[in-house]
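Before any comments, here is the structure.
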Amino acid sequence: MAAKSRFFMDPVHGFIVLSDELMLQLVDTAEFQRLRRIRQLGASFGTYHGAEHTRFGHSLGALHLLERALASLAQQGVRLAPDEARLLRAAVLLHDVGHGPFSHALEGLITPGLSHERWGAAIITWPGSQVHQVLAAWDPQLPHQVASLLLGQDAALPPWARALLSSQLDVDRMDYLLRDAHFTGSRYGLFDLDQLIRLLQVQDGELVIGPDGREAVEEYVLGRFFMYRRVYLHRTTRGHELLLHQAWRRARELAAAGRGEPSRLAFWLAWEPGREPDAEAIRAYLNLDDSDLWYALKGWRADPDPILADLAGRFLDRRLLKPLFREPVPHLPAGFLEAASERVRQSGWDPAHYLVVDRVQSIAYDPYGPQPGRAPITVAGPEGPVELSQLSTLVAAAAELARPAFQVYVPAEVRPELQALMRDLGEAEGQRG
């Protein structure tokens, strides 16, 4: 019996139609519905007030783009076997099921060393999850196959199909660029989606862009470049996220000293690095979402500890630490951090919590893959696929700009003094050079 179609009105793609019974069952699981309570862009709402969208909508959008890509390739005679298509669809739909509160803003901080892919794989392979039960009912091997795909491990799929899930030209990136641009109100991430999907081809078993598609894929890469610079790494957004980091770290310090207030987050504040996701942890993780952090922050604002109370209040009221530089700098002068720490301390702030160095790197395109999820973009040619930066000086230049840089955040009261210190040390360093 054919599945009854379900329609989702999506602000980016219009109607998303799901007819596949397995996908419909996965959408209805508690683990997937939890993604409605996980913001896609962390604390970006503090910079772009429209950035309230969730991982739920993004995951549906990624599946929708996968269906469009598969349909386009099928018109060229490139098709997956039914079991391969089922595996790929499930992996794309569930690729973000392991995200925690505020998505990337707290990833690796609540549970150090564990990425959202690791959590996703643990959730999918845990027999107690509804996602696992739905997948296993279709095929007992399916949960482990999906988890392996999410972890970038070997899977029974051709390389071009794996690239649609995880590469520098995957449906995840295509959807989040357009979706994040829409909800932030920016125009930086826009590109010609219809043209890009139409130009997808398979050559020598690899996913490539057709020979006439260089301009379309350049637009896509440059969209990523500007979204990183203007949205994902926006100095105000990073300042908001770093306040969240500092509040969490202070709460952990207090909990480790036995001075923390009772909290629903006590399990996570006591999390030991190196612990693997067991059944107890997975149950607790699936009960964790953005609302828990909001609740904790409101409680921390009234905490007896003045540092935690101040950091939490700053996050809630958007009284941010201020960046020293308009744009990140390639390096900090020798001796700057030591001198800055002393100035911050003399002004009455603990530099461990109020002098924050942010190391940022904008990676719009990396031609040097092929690490999992970083396979480079290639363009079809008469003698085989050619890596994109070999054909495009624009993309090559964007790749070269992806170098680490530094930003420093401090209370507004001490920023002018530290900016002057930075200038003095920088001039002295230049004279010595």
Qualifying residue in the range 297-306 (condition: surrounded by 17 or more Cβ atoms within 10 Å (Cβ to Cβ), modelled with pLDDT of 95 or more and under 24 Å from ASP96 (Cβ atoms)): yes
Among residues of the range 273-329, those that are in contact with a Gly (Cβ under 9 Å, 6 or more places away or on another chain) and of a type in the set (Phe, Trp, Tyr), counted: 3
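Rundown of residues vs (1) out of contact with any Asp or Glu (no Cβ under 9 Å at 6 or more places or on another chain); (2) of a type in the set (Gly, Ala, Ser), yes/no style:
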site	(1), (2)
ARG39	no, no
THR47	yes, no
ALA51	no, yes
ARG55	no, no
HIS58	no, no
HIS64	no, no
LEU70	yes, no
GLN76	yes, no
PRO82	yes, no
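Tell me which residues, restricted to the range 3-41, are of a type in the set (Val, Ile, Thr) and either touching a residue at least 60 places away in the same chain (Cβ under 8 Å) or surrounded by 15 or more Cβ atoms within 10 Å (Cβ to Cβ) (or both).
From the range 3-41, those of a type in the set (Val, Ile, Thr) are 12, 16-17, 27, 29, 38; that's our starting set.
Listed by number, the residues that qualify are VAL12, ILE16, VAL27, THR29, ILE38.
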Residue among ALA85, ALA69, ALA121 that alone is of a type in the set (A, V, I, L, M), in contact (Cβ under 8 Å) with a residue 12 or more places away in the chain, farther than 21 Å from PRO143 by Cα and assigned to a helix (DSSP H, G or I): ALA69
Counted residues, the range 340-354 - those being touching a Pro at 6+ places or on another chain (Cβ under 9 Å) and under 17 Å from ALA420 (Cα atoms): 7
Residues of the range 378-401 classified as outside any helix (DSSP H, G or I) and either at pLDDT below 85 or out of contact with any helix residue (DSSP H, G or I) (no Cβ under 8 Å at 6 or more places or on another chain) (or both), total: 9
Residue satisfying all of: in the range 202-261; touching a residue at least 12 places away in the same chain (Cβ under 8 Å) and of a type in the set (Asp, Glu); farthest from ALA156 (Cα to Cα) among these: GLU261
In the range 42-79, residue surrounded by the fewest Cβ atoms within 10 Å (Cβ to Cβ) [restricted to those that are farther than 30 Å from ALA284 by Cα and aliphatic (A, V, I, L, M)]: ALA71
Boolean, ARG249 is under 30 Å from ASP180 (Cα atoms), outside any loop (DSSP other than H, G, I, E, B), among the basic types (Lys, Arg) and touching a Lys or Arg at 6+ places or on another chain (Cβ under 8 Å): no
Within the range 143-166, tally of residues that are more than 15 Å from ALA81 (Cβ to Cβ), surrounded by 21 or more Cβ atoms within 10 Å (Cβ to Cβ) and over 19 Å from the mean Cα position of the chain (by Cα): 2
Output for the range 74-104, where each listed residue is polar (S, T, N, Q) and in contact with a strand residue (DSSP E or B) (Cβ under 9 Å, 6 or more places away or on another chain): GLN76, SER103
Residue selected from the range 206-242 under the condition under 17 Å from the mean Cα position of the chain (by Cα) and part of a loop (DSSP other than H, G, I, E, B), by the criterion surrounded by the fewest Cβ atoms within 10 Å (Cβ to Cβ): LEU233
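Quick check on GLY260: is it surrounded by 16 or more Cβ atoms within 10 Å (Cβ to Cβ), assigned to a loop (DSSP other than H, G, I, E, B) and modelled with pLDDT under 95?
The answer is yes for GLY260.
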Residue match in the range 278-296 (condition: within 25 Å of the chain's Cα centre (by Cα), farther than 30 Å from THR125 by Cβ, surrounded by 15 or more Cβ atoms within 10 Å (Cβ to Cβ) and not basic (Lys, Arg)): no
Flag if TYR354 is closer than 25 Å to THR236 by Cα and either modelled with pLDDT under 80 or in contact with a Gly (Cβ under 7 Å, 6 or more places away or on another chain) (or both): no
Among the residues listed as THR47, THR54, THR29, the single one being more than 15 Å from the chain's Cα centre (by Cα), within 30 Å of ARG230 (Cα to Cα) and either at pLDDT 95 or above or among the hydroxyl-bearing types (Ser, Thr, Tyr) (or both): THR47
Tally of residues being of a type in the set (Gly, Ala, Ser), under 20 Å from TYR365 (Cβ atoms) and in a loop (DSSP other than H, G, I, E, B) across the range 177-205: 2
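Here's the yes/no breakdown for (1) free of Cβ contacts under 8 Å to residues at least 60 places away in the same chain; (2) closer than 20 Å to THR378 by Cα; (3) out of contact with any strand residue (DSSP E or B) (no Cβ under 6 Å at 6 or more places or on another chain):
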residue	(1), (2), (3)
GLY128	no, no, yes
VAL131	no, no, yes
ALA136	yes, no, yes
PRO140	yes, no, yes
HIS144	yes, no, yes
LEU150	yes, no, yes
ALA161	no, yes, yes
LEU165	no, yes, yes
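The values are calculated or read from the model by the stated rules, or taken from the named source; none is laboratory data. Only a predicted model underlies this, so the values are computations on that prediction, with no experimental measurement involved. Glycine gets a Cβ as well: all are built from the backbone with ideal geometry, and neighbour counts include every protein chain shown.
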